[in-house]
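Student: Before I ask anything, let me first share the structure, which is written out below as structure tokens.
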Amino acid sequence: MPSAPLPACAPEAQNSGPATGGPGLHVPDPAQWISTTTGRIAPDTYTWMQAVHWASDTQAHTPIRSHGPRFGRTTLRIAQLLAQLTPCRPGVGYLVRMLKLSERTVQYHLSILRESGLLSYTAKGSRVRQVGGRASEFVRTIPAKFDEAIGLRTAESGSFIRKVVGVDTEEGRHTLAQLGKKAARTVRRAKRRTVRKARTRSSSTSSRCTPMGVGAVTFSPAAPTNNPSENGFGNGKDQQARRGGKGGRGLNRVGRRHQLGLELVQQVTWLSGSPVPRVAWAVRHLADAGWTAHQVIAVLAQRTPATRVHRPVGFLTARLAGAELLYDTEAKREAIVAWWRDSPQAARDRHAEWAGTWQAPRSSAVQNLFRNAWARARATSRPPVAVLDDQPTNEEQREARTTAWRQYLSGRPALVTSALAIAGREQAEQIYGRDLVERVLRLRTTSSHLRTGPAR
């Protein structure tokens, strides 16, 4: 159904200059906040969508950029999704997932809605350290030029800045009715036209000898058929490779770096959880030289890693410094891989589970939650869980201390560290002795490259 003509004052909305001096409807950045906007708050999403369709039909928005999209179908789809949010606090990632658009496209159309006076900031998004991004919060507004174009009479309002009290002309009522029908409809994504390429076939291939064929048969179905050639069978080559077919593209330099970084994160235990891009940057020289993950792991296995690695990527960079110059040929790298596979020590390292020490959370918010929970637990009248109700005998205590000392000397102070984390220092000293607990605490303050145990 063709839409009704717009009121005579609609061209005036296109030609009247805003505060910036340019033609059309353009709200400058300082006036895009709810405290500085010249528009009014939309009382409901239906009325707001009427204003959105008016801006789309009249193309009242005049962008100041010479590039980027314009007010159109994509803007209407984003506005439909914003109309469903209460409060209107859309994250760009959420809009990208729901509308299957690129991040840059979503940002462009959000700026179009703000510049048209249809969205006003309540809180502008920002990034909080160790917390992440915060989405901007908007209020759905209706620009004053919409009221002028339709001929709406407004009055002061405490909730909506201004409220509509009537319509001056019959033409304005008719226009509002037409915009209401559009606001009630759902704007969907435009279908893309797919151009099918016509395939040209010879008469011998296009005709079929079965009843399913649609063309005329140019030869007799009883005619003898030629046997296929036997020269192309059994040569072990891929038919698709011989045709130069549609195989996937090879990885470029950046892709090879990320592939090597991902394999190292998956196979090296103390690198688990590290960001793949940072690991890829650390091994960029090796990836460019054609190293494989097994060759990198073989070089790392020459020295046993520390018990606790504070910065895995930095530790990896220090271990691999100059490795591409030392093992500059494929023969040298294969020799180190052969040693790694046949070495008994390397075999024990591969089969041994890396025991990492618990680390405190880095987020200050999580640390505050832990401190508050611990303070509330200690303030209660109930005794702590870690208090020993039954005192161990002398024999049991001697056996526990002997076991803890043996594990400590072999480089595994897990018993003492667990007791410190669960029961505290006082209970740990009562179980394992003050000397051993102080040694473990001093070990915590030393470098991660040091490890306890007898010298080799």
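Just so it is clear, none of the values below were taken in a lab; they were calculated from the coordinates. The structure presented is a predicted model; accordingly, all values stated were derived computationally and were not measured. Positions of Cβ are backbone-derived with ideal geometry, glycine not excepted, and every protein chain shown enters the neighbour counts.
Student: Between Arg97 and Thr403, what is the FRET efficiency for a Förster distance of 60 Å, r being their Cβ-Cβ separation, to the nearest 0.05?
Tutor: About 0.65, to the nearest 0.05.
Student: For Arg153 and Asn252, calculate 0.36 nm times their separation in residues minus their Cα-Cα distance, and state this gained length in nm to one decimal. Let's see the in-between values first.
Tutor: Values: separation 99, 0.36 × 99 = 35.64 nm, distance 6.31 nm.
Contour length minus the Cα-Cα distance gives 29.3 nm.
Student: If you take the beta carbon distance between Ala123 and Val366 as r and set R0 to 22 Å, what does 1/(1 + (r/R0)^6) give as a FRET efficiency, to the nearest 0.05? Provide the component values of the computation, followed by the final result.
Tutor: Values: r = 24 Å, r/R0 = 1.10.
Once rounded, the FRET efficiency stands at 0.35.
Student: May I ask which of Lys100/Lys182; Lys145/Lys182; Lys124/Lys191; Lys145/Lys181 have a Cα-Cα span longer than 25 Å here? It would help to have the intermediate numbers written out before the result.
Tutor: Numbers: Lys100/Lys182 23 Å; Lys145/Lys182 19 Å; Lys124/Lys191 34 Å; Lys145/Lys181 21 Å.
Over 25 Å Cα-Cα: Lys124/Lys191.
Student: How large are Rg and Dmax for the stretch 253-351 when only the alpha carbon atoms are used, in Å?
Tutor: Rg and Dmax of the stretch 253-351, Cα atoms, are 12.7, 36 Å.
Student: Can you put Lys145, Lys100 in order, fewest other beta carbons within 10 Å first? If you can, show how the numbers build up before the last one.
Tutor: Working: Lys145 27, Lys100 8.
The order, fewest Cβ neighbours first, is Lys100, Lys145.
Student: Another question about this same structure. What ranking, highest mean first, results for peptides 398-410, 112-124, 74-86 when packing means the other Cβ atoms within 10 Å averaged over each residue?
Tutor: 112-124, 74-86, 398-410
Student: With a/c under 1.5 counting as rounded, go ahead and sort the stretch 10-184 into rounded, prolate or oblate using the C-alpha gyration tensor (a ≥ b ≥ c being the square roots of the eigenvalues; past the cut-off, prolate if a/b is larger than b/c, else oblate).
Tutor: Values: a/c = 1.59, a/b = 1.51, b/c = 1.06.
Prolate is the answer for the stretch 10-184, as a/c is 1.5 or above and a/b outweighs b/c.
Student: Only counting other Cβ atoms within 10 Å, I'd like Phe160, Phe315, Phe138 sorted with the fewest neighbours first.
Tutor: Values: Phe160 15, Phe315 20, Phe138 24.
Going from sparsest to densest Cβ surroundings: Phe160, Phe315, Phe138.
Student: Given R₀ = 51 Å, FRET efficiency for Thr393-Ser272 by Cβ-Cβ distance, to 0.05? Working shown, then result.
Tutor: Numbers: r = 41 Å, r/R0 = 0.81.
Approximately 0.80, to the nearest 0.05.
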